[in-house]
């Protein structure tokens, strides 16, 4: 049975759990805020279902509970951060905060991050820019599982890009996309449901369509050559080389440029050394905020009022579904399925925390 | 018969032609450089085959031969440009130059442009950053012809994104992609060849596959509802909403943010008022240039050495094919087909210029 839990108690639980592994109350609150933001937004794959990963990460030493996050180089609109193998969410919130502060002073802020770990939903950080009337950008690299065009196996990760742009009365535009056709979590969902995957998501040995999620997951575990396809699919006929280009760009900006790992060097078992890239840009560099927001509203309303394809009564702006999920789940609670609840209860027991959800 | 023409005389011809419509020698040289760069790089659809468009644009007054291009707002790392309806290539080269100068001073430069016209290949401007050891970004909006996910017809343009990143001994990474599955020129090519298009490129009335290029071109002329599909294709199953998100982002950054036209407001008949967005960022904000370039080389070599899919012996890095075309065509000349040559001869005759190609 799915149980609905309110965001407040769920965050409190995460904080209690993270503090058992020596994370400070402040940093634990950050982890809780990012995880529960994912659940509120309907991105269940990146929410509290992953709490075990962070608790165990701190226990095994893969993630340092009390890292020395430091700026290695700094300019009027830039900073290069070393995350000291801390929790990705803590490092990234700090990094995006620096990007925003730089943008407040200079108009634009760009921040690279190395020695980080999994940072959760990309949109959490890009959206931090919105309340400052800035455009936010957030990217991360990830474990190699996407196959470049014409390659036999995976080279880089699902490397998401998130861009958040403020609007006026309309909801902001919030793009948050894996640069692969689908994120890894989709294979797990199809596997659980016992459904075949459509052609064009995953290939084995470079070009053999893989429709069985179990086979795809075996490939992701490294048991077979293959990969998730880049956005645009197999080969070049439908633009697969473009998705591959975007994923590679993310790996360059997050990995090569920051001095983090990239491509097949990313190994989640020993040390992640993931890299991220964040940017913030003030809208009023180009025109007054009120005018920009009014024009955004006009554009988004014009877009949503367009004639629809048969069988559809709505055109969605990016982030709109997630804002609606957030509003709904803030009131009704976050639905947690029994598998997730059991795992959280087990984890609480392991850590000697009373389970009260 | 295809005739091969060397880049030098071809540029000279373009300069002579543009000066007949009151464009200054300097600006005519810019137009020639951008057009012939496209031909050299193998992007024939954006080369001298389009010269008529710019000559006639100046004659009809759509494009001002002597615009007053001015900075409307300026900050330490930003500028908002008004192109005064000049030639897009002249405005954009100037704008990217400003972005680079700002980045030299502050680390990052961002420039928005309004009141511009068609700017040609996006990569011309992003690549200007390379020789300064900077990463370059170039985007433009364009006439509405791409259908958002679930919409019945086109809302925004093929809105390209180009990103150029320096390397060491390897060629730079140069992404230059329409955010649609295919650029508009692809329909023209298939029409000329009398070939059917693959499913997933163009739809009529929101979801009916259009395989006949002639029908697709009629749709682009506004005779039928429909659109080119965003990267990722129809609906959401293969990420069409992501391509739609990227195209919309380009329209917001280039159109809404700059104060230019956007979406269906873009009308090539009366006044373009296209918008662009450019950025430059110094690589040495994050690590020494030499180290960055060495690591880029390692990454690109690792990528190209990967096992290949059956039937393929090469993995391409973005821009590699275009660099190779450039090298080949710089030596062998640019192949111009009879249709293009005839039109250039006719145009020369109309302008009273001796045709010597």
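The values are calculated or read from the model by the stated rules, or taken from the named source; none is laboratory data. These numbers were taken from a predicted model, which means no experiment stands behind them. Note that each Cβ is placed from the backbone with ideal geometry, even for glycine, and that neighbours are counted across all protein chains shown.
Residues that are assigned to a helix (DSSP H, G or I) and facing chain A (nearest Cβ under 9 Å) were ranked within the range B:301-317; the one that is nearest to residue A:244 (Cα to Cα) is B:303. Listed here are the helices (runs of 4 or more DSSP H) enclosed by the range B:182-274 that have at least 3 residues being crowded, with 21+ Cβ neighbours inside 10 Å and within 11 Å of another protein chain (Cβ to nearest Cβ): B:240-251.
Remark: residue B:175 matches the filter, which requires a residue to be modelled with pLDDT of 95 or more, in contact with a helix residue (DSSP H, G or I) (Cβ under 7 Å, 6 or more places away or on another chain), buried (at least 16 other Cβ atoms within 10 Å of the Cβ) and within 20 Å of residue B:41 (Cα to Cα). Listed by first and then second residue, the pairs linking a residue in the range A:100-121 that is free of Cβ contacts under 8 Å to residues at least 24 places away in the same chain to a residue that is outside any helix (DSSP H, G or I), with Cβ atoms under 8 Å apart and 6 or more places separating them unless they lie on different chains, are A:101/A:109.
Screening residue B:344 on (1) crowded, with 21+ Cβ neighbours inside 10 Å; (2) within 27 Å of residue A:245 (Cα to Cα) shows it passes everything except condition (2). Among the criteria (1) out of contact with any helix residue (DSSP H, G or I) (no Cβ under 7 Å at 6 or more places or on another chain); (2) farther than 26 Å from residue B:340 by Cβ, the one residue B:194 does not fulfil is (2). For the range B:33-52, the set of residues classified as closer than 12 Å to residue B:119 by Cβ and more than 12 Å from the chain's Cα centre (by Cα) consists of B:50 only.
Taken over the range A:228-263, the criterion of being under 23 Å from the mean Cα position of the chain (by Cα), on the phi > 0 side of the Ramachandran plot and touching a residue at least 60 places away in the same chain (Cβ under 8 Å) is satisfied by A:259, A:263. Consider the range B:122-143 and keep the residues that are surrounded by fewer than 24 Cβ atoms within 10 Å (Cβ to Cβ) and part of a loop (DSSP other than H, G, I, E, B). The one that is farthest from the chain's Cα centre (by Cα) is B:133. Residues in the range B:148-159 that are facing another protein chain (nearest Cβ under 10 Å) and under 20 Å from the mean Cα position of the chain (by Cα) were compared, and the one that is surrounded by the most Cβ atoms within 10 Å (Cβ to Cβ) is B:156. Residue selection: residue A:92 fails the criterion of being more than 14 Å from every other protein chain (Cβ to nearest Cβ), touching a residue at least 12 places away in the same chain (Cβ under 8 Å) and surrounded by fewer than 24 Cβ atoms within 10 Å (Cβ to Cβ). Scanning the range A:31-46 for residues that are surrounded by fewer than 22 Cβ atoms within 10 Å (Cβ to Cβ) and over 25 Å from residue A:187 (Cβ atoms) yields one hit, A:33. For the criterion of being in a loop (DSSP other than H, G, I, E, B), farther than 21 Å from residue A:339 by Cβ and touching a helix residue (DSSP H, G or I) at 6+ places or on another chain (Cβ under 7 Å), residue A:21 passes. Screening residue B:352 on (1) assigned by TED's automatic domain parsing to the domain that holds residue B:58; (2) touching a helix residue (DSSP H, G or I) at 6+ places or on another chain (Cβ under 7 Å) shows it passes everything except condition (2).
Considering only the range A:295-310, I want to know if a residue exists there that is closer than 30 Å to residue A:1 by Cα and surrounded by 14 or more Cβ atoms within 10 Å (Cβ to Cβ). No, the range A:295-310 contains no residue that is closer than 30 Å to residue A:1 by Cα and surrounded by 14 or more Cβ atoms within 10 Å (Cβ to Cβ).
If you go through the range A:275-300 and keep only what is assigned to a helix (DSSP H, G or I) and out of contact with any helix residue (DSSP H, G or I) (no Cβ under 7 Å at 6 or more places or on another chain), you end up with A:284, A:285, A:290, A:291, A:293, A:294, A:297, A:298, A:300. Being more than 10 Å from chain A (Cβ to nearest Cβ) and either part of a helix (DSSP H, G or I) or over 16 Å from the mean Cα position of the chain (by Cα) (or both) is a property that residue B:170 has. Considering each residue of the range B:70-83 in turn, at least one proves to be buried (at least 24 other Cβ atoms within 10 Å of the Cβ), within 12 Å of chain A (Cβ to nearest Cβ) and assigned to a loop (DSSP other than H, G, I, E, B). Pairs linking a residue in the range A:327-344 that is assigned by TED's automatic domain parsing to the domain that holds residue A:6 and over 13 Å from residue A:37 (Cα atoms) to a residue that is exposed (fewer than 11 other Cβ atoms within 10 Å of the Cβ) and at pLDDT 95 or above, with Cβ atoms under 7 Å and 6 or more positions apart or on different chains, are A:332/A:4; A:335/A:4.
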